[in-house]
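The values are calculated or read from the model by the stated rules, or taken from the named source; none is laboratory data. Everything quoted here is computed from the prediction, not taken from an experiment. Here the Cβ positions follow ideal geometry from the backbone for every residue, glycine too, while neighbour counts run over all protein chains shown.
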Amino acid sequence: MTVIEWLRDPNPASRRQARLGQAYLGWLRLRRNPLAMAGLVIIGLLLVVAAFAPWLAPHDPIAQNLQNRLMPPGTAGHWLGTDDFGRDILSRILYGARITLAVIALVAVTAPVLGLIIGTVAGYFGGWVDAVLMRLTDIFLAFPRLILALALVAVLGPGIENAVLAIALTAWPPYARVARAETLTVRNADYIAAIRLQGASAPRIIWGHVVPMCLPSVIIRVTLDMAGVILIAAGLGFLGLGAQPPLSEWGLMISAGRKYLFEQWWVATMPGLAIFIVSLGFNLLGDGLRDVLDPRSSGK
Amino acid sequence: MQNGRADMGLIDIENLSVVFPGGVRAVEGVSLSVGARESYGLVGESGSGKSTILRAICGLAPVSSGSIRIGGEVLRRDRRFAARVQMVFQDPYASLHPRHTLDRTLSEPLAIHGIGDADRRVVQALEQVGLPTSFRFRYPHQLSGGQRQRVAIARALMLEPEILLLDEPTSALDASVQAEVLNLLARLRAERGLTFLMVSHDLAVVDHMCDRVLVMQQGRAVEELPRAALAAAQMQTAYARSLFEASADRML
Amino acid sequence: MTLLSVQNLRVTFDTEAGRVEAVRGVSFSLGRERLGIVGESGSGKTMTGRSVLRLIRPPGRIEADAMLFDGQDLMKLSERQMRALRGPRIAMVMQDPKYSLNPVMKVGAQLMEGLRQRDRMGAAAARAKAIAALEAVQIRDPARVMEAYPHELSGGMGQRVMIAMMLIPNPDLLIADEPTSALDVTVQAEVLKILDGLVRERGMGLIFISHDLRLVARFCDRVLVMYKGRVVEELAAGDLLQARHPYTQGLLNCLPRIGGDRGPLPGLDRNAEWAR
């Protein structure tokens, strides 16, 4: 029996096989969407680049060489040119992928989880619990995200960790909203009534039965939001409140290139392109995942 | 057949009223008593409150007055209650969690009640309701409507309850599948000595399954009929008669 | 007189799981009579009804040797010509009025919309005609119903409004897909009586699609029994109880009866032969 047959077996022999089989079907659906696959390739590249940056980068990202300042792209040895300290821009972008990825990973494991818990709890219990949690959400939503993140970083002090914390704290309210909306439709379903009749406790119902139904919408939302997260991280870096020099963070690089924008355009443009491509990758993948994960689209 | 007296029924409902928030009076002053191992039917049209009575027993609808007793005890909806009373819902497409395998659906009640030996019990439950054990790790969307309803019945029986509340268990199914599910329910009742409280809009189904029938209209009990009186068309009230006449082709 | 004649109708769906043949070579003809199509879910009865209106969405495809309605071959008409036919000549009533009526529009406005737009009728004339249509389906206070929103109507009332709406342009053929399945038995009887009267008075053709064999036997003139996309038996409704095909017999036998014995109901042993 080949692996494919094992995955497509209509009568799986174990939990693991059933789950992998479902994942395989999802993969088949995703594969038919060329744009989503393009997104996936971009994100795959980001992962590879982040993992192998020391091997891929031709130069040390923070080694300065003032003789080679502001070399244009195409210069031998510096394919994307050099910045105002003579550092190789390509190497800095490759290393910057690590920081971007770290920011994304940290935000992705904190904000959605927080939002999911708050949203499902509010939606499941309703009443005053709902009122309190949702007003709290509204307060966070009332501020523009960047402003709130700025305020938080100003309080916590600049630095990449605090930037991540600030982004995570400002990113959860939309997930809470999505999760609550989803919970409200699921809450009155017969299968929830059935498990309540079995004597299940509220945490068990929320975690085991409600959350799996909210997860697809939240995951889609997360992928679509990742572009925004990158931009906010870059924005904080640009304003000098995120990563600190000489770290090669993309936003910080754009900020540094600002001074030379007209004469040496590549200093700001190259990291800008990197941000653009990665954001695009996440958006494309998010759209594709919507088709794969949305229980309404997958049919009966 | 045991004749349930008001003072010795397994399920005793006295003067039950259910008013939903917003003032909708779904059930008004209904009393009924179901003896142990009896099969009792509730019939009526939509809005008659028949399903609401089942939901009130389970705590899924608010009881505004009256009392519900199970085995003489006033109801507390705790785990012990779950082990005594279970429900099968109308729509098998909506009553199984779409992202759980049958294994998860069937073993969940065991996990909640801390009952071990889940593997053996799940396999046994599938066999009991006539499903192949190879279905164990399937998802609901890989099953037909009738197979899903079998799973829902298996789930309701996992905790070995005495009472099964059946809310139109076959009305979403094709006729031939309905026959299979009704046969399954009848067999399980005989084997396990279950007590049924069954809701249906189909007089033929209720007649086939139940010993006594309560006809309901707009939240009120209209008339209680033993099975023989139903088949012989011996109803006293005009409404029960009109319901019977509209179902006359069910005699064929 | 033949109103509709369908020859070798096929409906196929090309899905990722492969090709699914929902209807496989169905032929029938219909005069100004009540034709019942019965079968279980997945038998292709709904698809057959929808194909007459060419209302099958891709990836579904309709093929037929001929589908003659009043002398025109429906298969050869353009989408534009089909649109002109749907409603005025061939109308359809669906199972659940909840999903067929626009929830944010008053019933009266919905009834009058077609008259005002298509027939360029004045407001007063359209209103009079809409009220007459509601009266034709035995709605007692049509003026109140005209001002109601669909959610304010009961199921039976909603279904009557649907039927009234379909009947305003006076179609020659009405396709009713499980029109009474969502209704209570007593309401069901009334809706059937209305449909019956309309067929008799206006000389309409009616295709009545249902899963309920006994209902169809009582209500229709002729019955097609479908199984897995094929017609396995065609017979006069009165002879349904003497059906010869084992599938039809099985469908009848597996129903519980009031006053029947309480032994296990006979199951339906499906024979692979029937689907061929």
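Are any of the residues in segment A:178-191 in contact with a His (Cβ under 8 Å, 6 or more places away or on another chain), over 30 Å from A:Gln264 (Cα atoms) and among the hydroxyl-bearing types (Ser, Thr, Tyr)? Within segment A:178-191, one or more residues are in contact with a His (Cβ under 8 Å, 6 or more places away or on another chain), over 30 Å from A:Gln264 (Cα atoms) and among the hydroxyl-bearing types (Ser, Thr, Tyr). Helices (runs of 4 or more DSSP H) fully within segment A:1-56 that include at least 3 residues being away from chain B (no Cβ under 14 Å) and among the hydrophobic types (A, V, I, L, M, F, W, C): A:15-31, A:34-56. Among the conditions (1) of a type outside the set (Lys, Arg); (2) touching a His at 6+ places or on another chain (Cβ under 7 Å); (3) assigned to a helix (DSSP H, G or I), the only one that B:Leu159 does not satisfy is (3).
What helices (runs of 4 or more DSSP H) completely inside segment A:226-300 contain at least 1 residues that are modelled with pLDDT of 80 or more and either closer than 24 Å to A:Met37 by Cβ or more than 21 Å from the chain's Cα centre (by Cα) (or both)?
Here the list reads A:250-257, A:266-293.
Given the structure, is C:Thr12 outside any loop (DSSP other than H, G, I, E, B), away from every other protein chain (no Cβ under 14 Å) and either within 30 Å of A:Trp27 (Cβ to Cβ) or of a type in the set (Phe, Trp, Tyr) (or both)? When the stated conditions are applied, C:Thr12 passes them. Of all residues in segment C:222-260, those satisfying the criterion of being under 23 Å from B:Val43 (Cβ atoms) and either within 7 Å of chain B (Cβ to nearest Cβ) or in contact with a strand residue (DSSP E or B) (Cβ under 9 Å, 6 or more places away or on another chain) (or both) are C:Cys254, C:Leu255, C:Pro256, C:Arg257, C:Ile258, C:Gly259, C:Gly260. Residue pairs whose Cβ atoms lie under 9 Å apart, sitting 6 or more positions apart in sequence or on different chains, and linking a residue in segment A:190-202 that is more than 7 Å from every other protein chain (Cβ to nearest Cβ) to a partner that is among the hydroxyl-bearing types (Ser, Thr, Tyr) and assigned to a helix (DSSP H, G or I), are A:Ile192/A:Tyr124; A:Ala202/A:Tyr124.
The residue list A:Arg32, A:Arg16 contains one member that is within 26 Å of B:Phe137 (Cα to Cα), out of contact with any Phe, Trp or Tyr (no Cβ under 7 Å at 6 or more places or on another chain) and without any contact (Cβ under 8 Å) to a residue 12 or more places away in the chain, which is A:Arg16. The lone criterion from (1) in a helix (DSSP H, G or I); (2) within 13 Å of chain B (Cβ to nearest Cβ); (3) out of contact with any Cys (no Cβ under 8 Å at 6 or more places or on another chain); (4) surrounded by 22 or more Cβ atoms within 10 Å (Cβ to Cβ) left unmet by A:Leu215 is number (4). All of (1) under 24 Å from the mean Cα position of the chain (by Cα); (2) over 17 Å from A:Val292 (Cβ atoms); (3) modelled with pLDDT under 85 hold for A:Gly74 with one exception: (1). Annotation: B:His141 fulfils all but one of (1) buried (at least 22 other Cβ atoms within 10 Å of the Cβ); (2) in contact with a Pro (Cβ under 8 Å, 6 or more places away or on another chain); the unmet one is (1). I'd like to verify a number: residues in segment B:114-152 that are over 23 Å from B:Asn183 (Cα atoms), touching a helix residue (DSSP H, G or I) at 6+ places or on another chain (Cβ under 6 Å) and outside any loop (DSSP other than H, G, I, E, B), how many? The number of residues fulfilling the criteria is 1. Can you find a residue in segment B:219-242 that is touching a residue at least 40 places away in the same chain (Cβ under 8 Å), of a type in the set (D, E, K, R) and within 24 Å of B:Ile163 (Cα to Cα)? Among the residues of segment B:219-242, at least one is touching a residue at least 40 places away in the same chain (Cβ under 8 Å), of a type in the set (D, E, K, R) and within 24 Å of B:Ile163 (Cα to Cα), which makes the answer yes. Considering the conditions (1) touching a Pro at 6+ places or on another chain (Cβ under 8 Å); (2) not hydroxyl-bearing (Ser, Thr, Tyr); (3) not in a helix (DSSP H, G or I), A:Trp172 is excluded by exactly one of them, (3).
Does segment C:52-59 contain any residue that is among the β-branched types (Val, Ile, Thr) and within 14 Å of another protein chain (Cβ to nearest Cβ)? Scanning segment C:52-59, I find no residue that is among the β-branched types (Val, Ile, Thr) and within 14 Å of another protein chain (Cβ to nearest Cβ), so the answer is no. Filtering segment B:142-156 to residues that are more than 10 Å from chain A (Cβ to nearest Cβ) and in contact with a strand residue (DSSP E or B) (Cβ under 7 Å, 6 or more places away or on another chain) leaves only B:Ile153.
Please report, ordered by residue number, the strands (runs of 3 or more DSSP E) entirely within segment B:17-113 with at least 1 residues that are more than 10 Å from chain A (Cβ to nearest Cβ) and either touching a strand residue (DSSP E or B) at 6+ places or on another chain (Cβ under 8 Å) or touching a residue at least 12 places away in the same chain (Cβ under 8 Å) (or both). Where strands (runs of 3 or more DSSP E) fall fully within segment B:17-113 and carry at least 1 residues being more than 10 Å from chain A (Cβ to nearest Cβ) and either touching a strand residue (DSSP E or B) at 6+ places or on another chain (Cβ under 8 Å) or touching a residue at least 12 places away in the same chain (Cβ under 8 Å) (or both), they are B:24-34, B:39-43, B:65-70.
Can you name the number of the only condition in (1) within 11 Å of chain A (Cβ to nearest Cβ); (2) small (Gly, Ala, Ser); (3) closer than 30 Å to B:Ile13 by Cβ that B:Ala125 fails? Exception for B:Ala125: condition (1).
Every condition in (1) more than 7 Å from chain B (Cβ to nearest Cβ); (2) more than 25 Å from C:Val11 (Cβ to Cβ); (3) in contact with a Gly (Cβ under 7 Å, 6 or more places away or on another chain) holds for C:Gly263 except the one numbered (3).
Of the set (1) touching a residue at least 24 places away in the same chain (Cβ under 8 Å); (2) touching a His at 6+ places or on another chain (Cβ under 9 Å); (3) buried (at least 18 other Cβ atoms within 10 Å of the Cβ), all apply to A:Asn68 but (1).
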